[in-house]
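Colleague: Sharing a structure, written as structure tokens. Questions coming.
The values are calculated or read from the model by the stated rules, or taken from the named source; none is laboratory data. Because the structure is predicted, anything quoted here is derived from the model rather than measured. Counting neighbours? That spans all protein chains shown, and the Cβs are built from the backbone with ideal geometry, glycine included.
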């Protein structure tokens, strides 16, 4: 835990309160009189974008540090994949058939969280996008095991509240996709990707690119649902065309069950560093 530091200077939060208690005058009610850090309109100006980026990087990082979380298990996956109990409400028959992966995500998160609790719940903490579908299943499995899990939500026009299984003090909300994706990977000890759509594909390929190009250390990278992923992406064609190297196909593994994933992660040994990192 981070200990409180002693400061000889007046507390910023105290001044924020004090500044609201001054008499109301043309001067004190002017927008320019507001404390800069307490002025929402000022913080949302275009010129303050670098500051907002920094704040989104710092806030979750400081919270995770204070709560003692040292590593995570990333769980990416589609928001539209239903709980099998509600599979009859799925938009398509294919989505209904993919409901099995809700259960696999839930089981995987439960098993991983039980392992995490053996080390005090600081390592291998499940992190999802905080939404419905597979994300809900991941947070749900962690809660069923009696552990904590992280939800990294993002503000979208159609977005609802985070799913009810995210640990409240580990529920974060983002404006910037880029910073959100950084937080997914900064502490990642393994990455699991369940069937999903554009968002899941984006997360999958950005993570793979970081590992392929040596910008991120190699970790177990597991694609749940061999049939789904081989149908959606012609991996071998990419290698045959030369747009990726044949050895890039070794950066990930297909799995079909939570038990299989647990075995691979539990017995994983880092591959030696590549001498020549291929271009994208």
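Colleague: Conditions: (1) touching a helix residue (DSSP H, G or I) at 6+ places or on another chain (Cβ under 7 Å); (2) surrounded by fewer than 16 Cβ atoms within 10 Å (Cβ to Cβ); (3) assigned by TED's automatic domain parsing to the domain that holds residue 149. Residue 41 meets all but one. Number of the miss?
Modeller: With respect to (1) touching a helix residue (DSSP H, G or I) at 6+ places or on another chain (Cβ under 7 Å); (2) surrounded by fewer than 16 Cβ atoms within 10 Å (Cβ to Cβ); (3) assigned by TED's automatic domain parsing to the domain that holds residue 149, residue 41 is out only on (3).
Colleague: Take the conditions modelled with pLDDT of 95 or more, in contact with a helix residue (DSSP H, G or I) (Cβ under 7 Å, 6 or more places away or on another chain) and over 16 Å from residue 74 (Cα atoms) and apply them to residue 256. Does it pass?
Modeller: In short, yes.
Colleague: Among the residues of region 181-191, what is the count of those that are out of contact with any helix residue (DSSP H, G or I) (no Cβ under 6 Å at 6 or more places or on another chain) and assigned to a strand (DSSP E or B)?
Modeller: 2
Colleague: Still on this structure: Would you point out the residue of region 169-180, among those that are in a helix (DSSP H, G or I) and in contact with a strand residue (DSSP E or B) (Cβ under 9 Å, 6 or more places away or on another chain), that is farthest from residue 147 (Cα to Cα)?
Modeller: Among them, the one singled out is 177.
Colleague: While we're here: Out of curiosity, is residue 24 surrounded by fewer than 12 Cβ atoms within 10 Å (Cβ to Cβ) and in a loop (DSSP other than H, G, I, E, B)?
Modeller: Yes: the conditions hold for residue 24.
Colleague: Quick check on residue 190: is it farther than 30 Å from residue 83 by Cα and either buried (at least 19 other Cβ atoms within 10 Å of the Cβ) or at pLDDT 95 or above (or both)?
Modeller: The answer is no for residue 190.
Colleague: Residue 175 - would you say it is under 29 Å from residue 215 (Cα atoms), assigned by TED's automatic domain parsing to the domain that holds residue 203, surrounded by fewer than 16 Cβ atoms within 10 Å (Cβ to Cβ) and modelled with pLDDT of 95 or more?
Modeller: It is true that residue 175 is under 29 Å from residue 215 (Cα atoms), assigned by TED's automatic domain parsing to the domain that holds residue 203, surrounded by fewer than 16 Cβ atoms within 10 Å (Cβ to Cβ) and modelled with pLDDT of 95 or more.
Colleague: Suppose the filter is modelled with pLDDT of 95 or more, crowded, with 20+ Cβ neighbours inside 10 Å and more than 18 Å from the chain's Cα centre (by Cα); does residue 146 pass it?
Modeller: So residue 146 does not fit the description; no.
Colleague: Condition check: assigned to a loop (DSSP other than H, G, I, E, B) and either under 15 Å from residue 135 (Cβ atoms) or touching a residue at least 24 places away in the same chain (Cβ under 8 Å) (or both). Does residue 52 satisfy that?
Modeller: no
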